[in-house]
Amino acid sequence: MMNSPADKVLTYAIHDVTPYINWIYFFHAWGFQPKEDDRAKAAEAMQLLKEANWMLNQLDETYHVHAIFRLCKANADGDNLLLDGTRFPLLRQQIPHPDGSPFLCLSDFVRPLASGTPDTVGIFAASCDGEVELLYEDDPYKRMLVQTLADRLAEAATEKMHEYVRKVVWGYAKDENLSIPELLKEKFQGIRPAVGYPSLPDQSVNFLLNELLHMQQIGITLTENGAMRPHATVCGLMLAHPAARYFAVGKIGNDQLEDYARRRGMPINEVRKFLAANL
């Protein structure tokens, strides 16, 4: 497989990423709480975990999980990032905080263009083999089990990939020595905001990431609305600043909507569709 010179493709066996699965979110998908006080529900959760591990062993014989990443020469230009020369517009919080804290934008954690010094921002995508989601068509329980596991495997591959990037490729955390539970609690330096999450809510930026990453290298395609296929796919940014933290953009006003549409080069009504939850 030929890669763009700046892209790095990783293919993992399922058993390589299984230790990085955050089981809390798996159980959430099945309606279980992290600590079930009800003994019957706790027993049901334990049985589900047993069946999930059996399923992972079955999948391990045939399927893989894939990740792709790129470290971009980057700067912040107002509320935009410049990633290898590509403008990547972002949104800023607009609702005042009760404690008077500043209105955050992800670009705040990247060196400004005016500094004259380039910074680095990572971009990534990860996905489980698409065929996994099509298994067990005639068994609704097993089908849901395999689909919820595929979601977790894509996230787990992202976790493993990000650890490798921080410690080896980017190398800003060479001496990091965290256990997997600590990784899952995000004790590492930097953040990994994914598209569709509260600090990066516009799904249409997947088109920009795809231009830079060529996600088809790992079997990811985009619908006309920017949704990723297979479903068990995640993509986003990697920021290294020690002060970087997650936040929710929340509600924005028409002034920012119009400015953002201009920066995205899209009709305002189209942008409104992607940001309906933030208006």
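The values are calculated or read from the model by the stated rules, or taken from the named source; none is laboratory data. Model, not experiment: these values are computed from the prediction. Glycine also receives a Cβ, built like all others from the backbone with ideal geometry; neighbour counts cover every protein chain displayed. Please note that ligands, DNA and RNA were not included when accessible areas were found on the heavy atoms of the full protein model with its side chains. Shrake-Rupley method; radii C 1.70, N 1.55, O 1.52, S 1.80 Å.
Tabulated values for the structure
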| item | result |
| --- | --- |
| Hey, C72 over 20 Å from V234 (Cβ atoms) and under 23 Å from the mean Cα position of the chain (by Cα) or not | no |
| The stretch 238-266 residues that are within 29 Å of E163 (Cα to Cα) and part of a loop (DSSP other than H, G, I, E, B), paired with ones that are of a type in the set (D, E, K, R) and open to solvent by 90 Å² or more (accessible area, probe 1.4 Å) (beta carbon under 8 Å, 6 or more apart) | none |
| Residue within the stretch 214-228 that is touching a residue at least 24 places away in the same chain (Cβ under 8 Å) and among the hydroxyl-bearing types (S, T, Y) present | no |
| Boolean, T18 is touching a strand residue (DSSP E or B) at 6+ places or on another chain (Cβ under 7 Å), hydroxyl-bearing (S, T, Y) and closer than 28 Å to L239 by Cα | no |
| In the stretch 38-50, the residues that are within 21 Å of L135 (Cβ to Cβ) and surrounded by 13 or more Cβ atoms within 10 Å (Cβ to Cβ) | L48, L49 |
| Residue within the stretch 169-179 that is in contact with a helix residue (DSSP H, G or I) (Cβ under 7 Å, 6 or more places away or on another chain) and aliphatic (A, V, I, L, M) present | yes |
| Boolean, L56 is under 24 Å from D202 (Cα atoms) and either without any contact (Cβ under 8 Å) to a residue 40 or more places away in the chain or outside any strand (DSSP E or B) (or both) | no |
| Helices (runs of 4 or more DSSP H) fully within the stretch 97-215 counting 3 or more residues that are open to solvent by 60 Å² or more (accessible area, probe 1.4 Å) | 140-164 |
| Per-region count, the stretch 246-257, residues surrounded by 12 or more Cβ atoms within 10 Å (Cβ to Cβ) and among the charged types (D, E, K, R) | 1 |
| Unique match (being of a type in the set (D, E, K, R), touching a residue at least 12 places away in the same chain (Cβ under 8 Å) and either at positive phi or open to solvent by less than 50 Å² (accessible area, probe 1.4 Å) (or both)) among D84, D16, D77 | D84 |
| Count of the stretch 216-241 residues which are of a type outside the set (S, T, N, Q), under 20 Å from R152 (Cα atoms) and open to solvent by 60 Å² or more (accessible area, probe 1.4 Å) | 2 |
| Odd one out for F69 among (1) in a strand (DSSP E or B); (2) exposed (fewer than 13 other Cβ atoms within 10 Å of the Cβ) | (2) |
| Failed criterion for E61 (all others in (1) surrounded by 14 or more Cβ atoms within 10 Å (Cβ to Cβ); (2) over 28 Å from V165 (Cβ atoms); (3) of a type in the set (D, E) hold) | (1) |
